[in-house]
Amino acid sequence: MDDRLLPLLECPRDHTDLRLQDGDLYCASGHRYPVVGGVPIFLLAEKDQTIGVARASLEAPERTADAPLYVETLGISDELKRRVEKAWIAGGKIDPAVAHLIGATSGLGYVHRIGRLSAYPIPEISVGDGNGELLLDVGSSWGRWAVSAARKGWRVVAIDPSLGALLAAQRAFPEFSSNIYRVCGDARFLPFKPGIFCCAFSYSVIQHFSESDAELAIAELGRVLHRGGFAKIQMAHRGGLRSTYSRTRRNYQNSGPFRVRYWSLAAMRDAFEKNVGPAHLAPEAFGGLGLLSEDRNLVSPAARAATAISELLKRLSVALPALIKFADSVYVIATKR
């Protein structure tokens, strides 16, 4: 584990300092947190998990035969797991775990790219220049947003419940080993000291949490941000045209615990103002979720067309702010009091 990460950490159970002993982390109360491949695991076995990969990551330290891929922690189908293992043996310039996670982490427009990536799609993160300040990337997975932030001069701490995805990020981007630190953990119980981050960023993550779990995560963001720091968090808006269709489908309620939750604009603002500080909203996409202009040359033709329409409406919303009422995806930007 990178020695520079330790001063940022604390026990997520009792919020005391940690020490490194025999390769694992311990707090004064004796809580143990294993370190696998340089990544500390802070998932709490006594808590209900928000996603299945968290349980697999908890068991990973005992499954050393699964190293280095830990495919059981990737959250992909059994067929894709086998494909990852075969691709690992074959070798190649694209990490096989990233190549097969792309559909799950980057939207339906990437389904045809699963296992066929020729380059890592890194979007443009709009959080300003970091100048060496700390940014927390919540739900980082294989690290596309973490890399984008590091390129802007941020020191990034990337947290995710998937150990396999974090290890894939380490393999895929070794050139950022000095300014991206990775932690396997839960956004609801962050293992970080209070007031240390200048920015907290998250994309396509908290929108999957239940309302109560989202409130816990947002409160944790408020705790770890320093005064004057800010959170920029993508959320799904219930008023969007595509969102309205998705949440009113017959099978929506039965689509699993990690289904997208759609919030009203007022509910988003209230949750962040209560737990972080003054907040405002900005449209992020119209007509769907995860429509990024930087991806337009990699996604399917249908996703490319949807992205072009979304970008046009975003530009129009500058002059017509009321258009946000029809956005499917929005950013909530809140400043720590």
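The values are calculated or read from the model by the stated rules, or taken from the named source; none is laboratory data. Only a predicted model underlies this, so the values are computations on that prediction, with no experimental measurement involved. Heads up, the Cβs are rebuilt from the backbone with ideal geometry, glycines too, and the neighbour counts pull from every protein chain shown.
Worth pointing out:
- Put simply, of A217, A158, A200 the only residue that is assigned to a helix (DSSP H, G or I) and either without any contact (Cβ under 8 Å) to a residue 40 or more places away in the chain or touching a helix residue (DSSP H, G or I) at 6+ places or on another chain (Cβ under 8 Å) (or both) is A217.
- G128, sole failed condition from (1) outside the structural domain of K47 (by TED's automatic domain parsing); (2) out of contact with any helix residue (DSSP H, G or I) (no Cβ under 7 Å at 6 or more places or on another chain); (3) over 28 Å from R19 (Cβ atoms); (4) surrounded by fewer than 23 Cβ atoms within 10 Å (Cβ to Cβ): (1)
- You will find that of V147, V127, the residue that is assigned to a loop (DSSP other than H, G, I, E, B) and under 25 Å from D186 (Cα atoms) is V127 and no other.
- Residues of the stretch 1-57 that turn out to be touching a strand residue (DSSP E or B) at 6+ places or on another chain (Cβ under 8 Å), closer than 22 Å to I206 by Cβ and among the β-branched types (V, I, T), as a count: 3
- Considering only residues in the stretch 34-74 that are assigned to a helix (DSSP H, G or I), of a type in the set (V, I, T) and in contact with a helix residue (DSSP H, G or I) (Cβ under 6 Å, 6 or more places away or on another chain), the one that is farthest from L216 (Cα to Cα) turns out to be V71.
- Residue match in the stretch 273-281 (condition: among the polar types (S, T, N, Q), under 24 Å from A217 (Cα atoms) and not in a strand (DSSP E or B)): yes
- Checking each residue in the stretch 203-251 for being β-branched (V, I, T) and within 13 Å of the chain's Cα centre (by Cα) picks out V205, I206, I233.
- Residue list for the stretch 162-192, filter: touching a helix residue (DSSP H, G or I) at 6+ places or on another chain (Cβ under 6 Å), closer than 30 Å to R227 by Cβ and assigned to a loop (DSSP other than H, G, I, E, B): N179, A187, R188, L190
- Restricting the stretch 16-31 to residues that are in contact (Cβ under 8 Å) with a residue 12 or more places away in the chain and more than 12 Å from F42 (Cβ to Cβ), the residue that is surrounded by the most Cβ atoms within 10 Å (Cβ to Cβ) is L20.
- Residues being assigned to a helix (DSSP H, G or I), of a type in the set (V, I, T) and in contact with a His (Cβ under 7 Å, 6 or more places away or on another chain) - total across the stretch 75-92: 1
- Of all residues in the stretch 44-66, those being among the aliphatic types (A, V, I, L, M), surrounded by fewer than 22 Cβ atoms within 10 Å (Cβ to Cβ) and modelled with pLDDT of 95 or more number 3.
- Scanning the stretch 261-272 turns up one or more residues that are of a type in the set (D, E), surrounded by 13 or more Cβ atoms within 10 Å (Cβ to Cβ) and either under 19 Å from A219 (Cβ atoms) or touching a residue at least 60 places away in the same chain (Cβ under 8 Å) (or both).
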